[in-house]
Amino acid sequence: MVYLAYTFKVNPPQPGSEILMAMIADMGFESFDTLENGFVAYLQEESNNQVQLEGFVFDDFLFSYSIERIEKENWNEEWEKNFEPVEVDDLLLIRAPFHAANERFQKEIVIMPKMSFGTGHHQTTRLMCKELFELDLEGRRILDMGCGTAILAILAKMLGAAEVVGIDIDQWSVENGIENCQQNGYPDITVLKGDVDLLEMEAAFDVILANINKNILKAQIPSYAKKLNPGGILLLSGFFMTDAEELKNFAAPFGLHDVASRQENEWTMLKLEKK
């Protein structure tokens, strides 16, 4: 599998970067990494025909972009050049093996991505992590849908979850998720390759985590509702504040009711409960 990295330089970076991300979010991009002067957006090379940037003109900011083809052999090298530890308040430190530990944080996750996404740098991952610290996960069964590097799955286990399942459609993410779970001392986390159809074979969950994007979330919410225990919690992120009401309204007929939300910049996390 080969990925393309679109590096966008935006002037001024805010709120231009957030607006531009929202405009291209449905073009097949799987992940975004923020930069001081813009962001990097990644998608599989085979999805590149969905990217249509011609004619994008904005009154409040300017942007330019370059495209880099990243072979899987070069992924870790590219990542290591730019990766800095991620801090989630004083709750969580996400770092690579070549970074020093820091006892100031309550929890620490060590990851080494291998052509997979979810390093914790993006606002949506931090929003999900913060909310996990607020939940009672002791003895619960958790699903991390679209798990990527398995950060959320690992954190759920650290916070007392009895059983955690991660699912991702990408083989590299599955392999990396397994490695990261082992690296952090949780080889019992199950990481599976597949899509939402795998849930048909799973028992119900007490908490489901889905940090993906709006269109995929809407397609999968019916399956989440079916596999969530009564009183269970669904955390959704990967979308903008402007999409929150649409997702709330879509989820309500499936018995999923809005409980709370979090925001960081233009991004949002929704906490829904199955009545």
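The values are calculated or read from the model by the stated rules, or taken from the named source; none is laboratory data. Just so it is clear, the structure is predicted and the values come from calculations on it, not from any experiment. Reconstructed Cβ throughout: ideal geometry from the backbone, glycine too, with neighbour counts over all protein chains shown. Only protein heavy atoms, including side chains, enter the accessible area calculation; ligands, DNA and RNA are left aside. Shrake-Rupley method; radii C 1.70, N 1.55, O 1.52, S 1.80 Å.
When Leu209 is tested against (1) without any contact (Cβ under 8 Å) to a residue 60 or more places away in the chain; (2) touching a helix residue (DSSP H, G or I) at 6+ places or on another chain (Cβ under 8 Å); (3) over 21 Å from Ala22 (Cα atoms), only condition (1) is not met. Scanning segment 1-45 for residues that are within 25 Å of Ala210 (Cβ to Cβ) and among the hydroxyl-bearing types (Ser, Thr, Tyr) gives Tyr3, Tyr6, Ser17, Ser31, Thr34, Tyr42. Residue selection: Asp90 fails the criterion of being within 18 Å of Gly232 (Cβ to Cβ) and surrounded by fewer than 17 Cβ atoms within 10 Å (Cβ to Cβ). Remark: Val259 matches the filter, which requires a residue to be open to solvent by 20 Å² or more (accessible area, probe 1.4 Å), assigned to a strand (DSSP E or B) and either touching a Pro at 6+ places or on another chain (Cβ under 7 Å) or of a type outside the set (S, T, N, Q) (or both). Considered as a group, the residues in segment 185-223 that are closer than 23 Å to Pro253 by Cα and among the polar types (S, T, N, Q) include one that is most open to solvent (accessible area, probe 1.4 Å), and that residue is Asn215. Residue count for segment 5-21, restricted to those that are more than 14 Å from Phe61 (Cα to Cα) and in contact with a Ser or Thr (Cβ under 7 Å, 6 or more places away or on another chain): 1. Here segment 46-73 is the region considered, the condition is being surrounded by 14 or more Cβ atoms within 10 Å (Cβ to Cβ) and within 22 Å of the chain's Cα centre (by Cα), and the residue that is farthest from Asn211 (Cα to Cα) is Ile70. Kindly indicate whether Ala161 is among the small types (Gly, Ala, Ser) and out of contact with any Gly (no Cβ under 7 Å at 6 or more places or on another chain). In short, yes.
One residue stands out among those in segment 1-40 that are in contact (Cβ under 8 Å) with a residue 60 or more places away in the chain and aromatic (Phe, Trp, Tyr): the one that is nearest to Trp267 (Cα to Cα), which is Phe32. Name the single residue that is surrounded by the fewest Cβ atoms within 10 Å (Cβ to Cβ) among those in segment 97-125 being under 23 Å from Gly238 (Cβ atoms) and at pLDDT 85 or above. In this case the residue turns out to be Lys107.
Restricting attention to segment 127-149, the residues being modelled with pLDDT of 95 or more, under 26 Å from Asp197 (Cα atoms) and under 14 Å from the mean Cα position of the chain (by Cα) number 6.
Looking only at residues in segment 223-256 that are in a helix (DSSP H, G or I) and of a type in the set (Lys, Arg), the one that is nearest to Val88 (Cα to Cα) is Lys248.
If you go through segment 28-68 and keep only what is closer than 13 Å to Val10 by Cβ and part of a helix (DSSP H, G or I), you end up with nothing.
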